[in-house]
Amino acid sequence: MDWLTGAAQWAFKDFATPVRPDSPIPYLNMKGIIERDFTKKDAYYVFQSYWAEKPMARIYGHSMPVRWGAEGEKKQIRVYSNCDEAELFLNGESLGVKKCDSQNFPAAGLRWEPVPAAGTNHVKVVAVKDDVTVEDELTFEYQTAQWGEPAELQLTAERLEDGRIYVEARAVDANGVFCPDAAQFVRFGLAGDGKLLEHLGTIRGSRLVQLATGRAGIYVDPNGGQPAGISVTDFVSAGGPAASLNGGRSGSGRQGVSVVSAACEGMKTTFITVS
């Protein structure tokens with residue numbers, strides 16, 4: 001880019017601010033290259049591809065599990081890498097080897113324009129530097145079906161290895177077709193034994209968050225809610241802590257059950273039961 005003299009990245013990490021009420025996460029400046037929980041964004045790997053000495057390669061768009069376009073349409077796939085060359089594979093077929101050139105924008109020339117298949121696509125890159133080979137891969141759905149205005153939210157729940165549950169809201173139209181460009185705000189709620197892991201200032205740790213590529217989600221602690229009884233740490237009498245009371249959670253050891261809600265302007269509130 002002969003018109004660009006230079007650039008500066010002043011925020012390394014997202015941070016709270018009172019002057020951003022309209023941010024996708026309200027009151028959060030999201031210009032950092034990592035989230036507040038140190039999750040790396042795509043921009044992190046752009047800088048790494050220019051500055052890191054250890055060989056690396058990263059396919060752009062790990063946070064985009066659904067991509068869309070017309071059937072037979074070419075779509076650009078970028079790779080950020082500090083390696084000398086990289087070979088890209090789509091669904092097991094090589095798309096060729098490209099040389100890294102820092103003067104070739106974007107992605108230092110490591111970009112391909114294949115025609116993805118409708119449905120599931122698997123992308124893999126193999127890059128080489130100083131006889132060291134590094135790889136990266138991802139899978140995405142390519143949607144060719146047309147969609148209308150978002151009409152409702154569909155909720156799914158996935159239990160993670162660490163015990164948390166990830167609840168995701170997806171916007172669909174009146175015919176149930178996913179709306180990947182939906183960008184309304186979603187407000188999550190919970191009733192039951194668990195609690196929302198909110199106030200974290202991350203895209204999966206906020207009760208109120210804007211849809212991104214038609215999706216929004218939040219983590220749930222399935223047993224983190226307030227107990228039904230009063231624990232010894234909650235109640236203190238004139239003689240000191242009420243040690244005679246039954247401490248801890250009522251029904252300790254049983255699996256918690258919660259109902260998670262997702263509300264969005266212009267749509268009916270949707271619910272899902274998690275345990």
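Suppose R0 equals 51 Å; then what is the FRET efficiency for Ala43 and Gln255 from their Cβ-Cβ distance, rounded to the nearest 0.05? So the FRET efficiency works out to roughly 0.80.
Around Arg187, with a cut-off of 10 angstrom between Cβ atoms, what is the net charge of the other residues, counting Lys and Arg +1 and Asp and Glu -1? Can you show the working numbers first?
Values: positive: Arg207; negative: Glu265.
Neighbourhood net charge equals 0.
Summed over qualifying helices (DSSP H, 4 residues or more, each -39500 (n - 2.57)) and divided by its residue number, the chain shows a 222 nm mean residue ellipticity of -1000 deg cm²/dmol. Annotation: extensible slack from Val97 through Thr270 equals 57.6 nm (criterion: 0.36 nm per residue apart, minus Cα-Cα distance).
Could you work out how much longer the chain between Tyr166 and His122 gets when fully extended? Use 0.36 nm per residue separation minus the Cα distance between them, nm to one decimal.
Full extension of this stretch gives 13.5 nm more.
Here Rg and Dmax of the Cα atoms in Å was calculated from the structure, and among (i) 23.3, 78; (ii) 21.2, 70; (iii) 18.9, 60 it sits at label (i). Shape class for segment 3-135: oblate, because the ratio a/c of the largest to smallest gyration tensor axis (alpha-carbon atoms, square roots of eigenvalues) is 1.5 or more and b/c is at least a/b. For segment 178-201 and segment 130-150, compute the distance between their C-alpha centroids and round to whole Å. Cα centroid to Cα centroid, the span is 24 Å.
Between Val66, Gly109, His122, the Cα set farthest toward the positive side of the dipole of segment 64-126 (charges on each charged residue's Cβ, about the Cα centre) is that of Val66.
Could you put Asp162, Asp193, Asp42 in order, starting from the residue whose Cβ has the fewest other Cβ atoms within 10 Å?
Details: Asp162 6, Asp193 22, Asp42 16.
Fewest-to-most ranking of Asp162, Asp193, Asp42: Asp162, Asp42, Asp193.
About the centre of its Cα atoms, the chain shows a dipole size close to 700 debye [charges on the beta carbon of Lys, Arg (+1) and Asp, Glu (-1) only; nearest 20 debye]. Straight-line cross-link reach from Lys74 at under 14 Å between alpha-carbon atoms covers these aspartates and glutamates, not counting any fewer than eight positions away in the same chain: Glu113.
Peptides 82-91, 132-141 ranked from most to least packed, by the mean per-residue count of other Cβ atoms within 10 Å: 82-91, 132-141. Each Lys or Arg adds one and each Asp or Glu subtracts one; over the other residues with Cβ under 9 Å from the Cβ of Leu155, this totals 0. Show which aspartates and glutamates lie in cross-link reach of Lys13 when reach means a straight Cα distance below 15 angstrom and same-chain residues fewer than eight apart are skipped. Of all the aspartates and glutamates, those that pass the test against Lys13 - Cα under 15 Å, at least 8 places apart if same chain - are Glu35, Asp37, Asp42.
Over all other residues within a Cβ to Cβ distance under 10 Å of Leu211, the charged ones net out to +1, with Lys and Arg as +1 and Asp and Glu as -1. Sites listed here are trypsin sites (Lys or Arg not before Pro) in segment 1-104 whose DSSP assignment is loop and whose Cβ has at most 12 other Cβ atoms within 10 Å: Lys74. Given a Förster distance of 45 angstrom, what is the FRET efficiency for Lys74 paired with Arg159, based on the Cβ-Cβ distance and rounded to 0.05? In this case the efficiency is close to 0.75. Note on segment 26-165: with charges restricted to the Cβ of Lys and Arg (+1) and Asp and Glu (-1), its dipole about the Cα centre is near 380 debye. Quick one: of Lys75/Lys268; Lys54/Lys98; Lys31/Lys195, which pairs are farther than 31 Å apart, Cα to Cα? Distance filter (> 31 Å) returns Lys75/Lys268.
Here, each number is a calculation from the coordinates, and none is a lab measurement. As the structure is a computational prediction, the values presented were derived from the model and not from experiment. Note that we place each Cβ from the backbone using ideal geometry, even for glycine, and neighbour counts take in every protein chain shown.
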